[in-house]
Amino acid sequence: MSEMTMDEMILISVDDHFVEPPDAFLRHFPEKAKDRAPRIERHKDADVWVFSGARPLERPNTGAAIDAAARRLVAGPARFVDVTKSDTRLYGTPVVAGGRRIGTVVAAVSLAPYEQTRKTALIGSLVFGAVVLLLVGVAASWLLAASLRPVVRMTRQAAAWSERELDHRFALGPPHDELTELAANLDALLDQKMSRYPGVIRVEPWPASDHYIFYSNGTPSIALTNQGIRDIYHTLSDTFDWISGQKLAETCQLVLDLMEELDHQDLSWSRPQK
């Protein structure tokens, strides 16, 4: 048989690999060393790919889109990739030995449970906020009604007395602090001064007037107005004929007397007497 030349030779390059079963080390390692034996573990909530180079050694049964995303993580640094269609997030990290990259491990988890938890928390927060807002509204409404109830009662009494009993007065009671002492002294001073001005009539505070805000809050105040003002409205036809000069002069003199009297009083005039 003649010797073959290089041109006649058929060259075959063989690069075979042997991949051991996932539990090979666990079955053959001594019992005391099994906790340190190499192994492949599957997490119940995650799918895992193990690549040697670009070749998968372990590959879960997933959809084509997820598998393609896992393969894209074989090259490059550790990073995340999201597959929006299946609501899945993958993370790939290089496996390095001796300063050389020998493979990649990729893990994938479904984001659906986390998004469901977020939606549940959002709905729960909205419901809780609505309940708190409702309770605050009910409490505020109750407090407002309770605080205004005495004002409404006094307003109705004042309106009734203004129509039928002009000399009827609210029971202010004895003074017990500086504010009520000032009110009592001012009340007595007003009665004393008004005896000199018969044209001025003292009645209960007019509930529709701005000064009633002071009265209902216990703030001493004096308001002057003309009788029957609730039946008169200002128009372009108003004339000075409506004004009584005598009444106006009498009222101005009363105010002047009150101001002069108050100007001469010291601070003790408004304080309770012990």
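For the stretch 135-145, does any single residue satisfy the condition of being hydrophobic (A, V, I, L, M, F, W, C), surrounded by fewer than 10 Cβ atoms within 10 Å (Cβ to Cβ) and more than 30 Å from Pro38 (Cα to Cα)?
Let us first name the residues in the stretch 135-145 that are hydrophobic (A, V, I, L, M, F, W, C), namely 135-136, 138-140, 142-145.
If we keep only those that are surrounded by fewer than 10 Cβ atoms within 10 Å (Cβ to Cβ) too, we end up with none.
No, that holds for no residue.
Is one or more of the residues making up the stretch 115-126 of a type outside the set (A, V, I, L, M), under 38 Å from the mean Cα position of the chain (by Cα) and at positive phi?
no
Out of all the residues in the stretch 33-73, which are part of a helix (DSSP H, G or I), modelled with pLDDT under 85 and among the basic types (Lys, Arg)?
Once the filter is applied, which keeps residues that are part of a helix (DSSP H, G or I), modelled with pLDDT under 85 and among the basic types (Lys, Arg), the stretch 33-73 yields Lys34, Arg36.
Can you tell me which residue within the stretch 201-259, out of those that are in a loop (DSSP other than H, G, I, E, B), acidic (Asp, Glu) and at pLDDT below 70, is farthest from Ala188 (Cα to Cα)?
Per the criteria, the residue is Asp210.
The values are calculated or read from the model by the stated rules, or taken from the named source; none is laboratory data. Computed from a predicted model, the values in this text were never measured in an experiment. Counting neighbours? That spans all protein chains shown, and the Cβs are built from the backbone with ideal geometry, glycine included.
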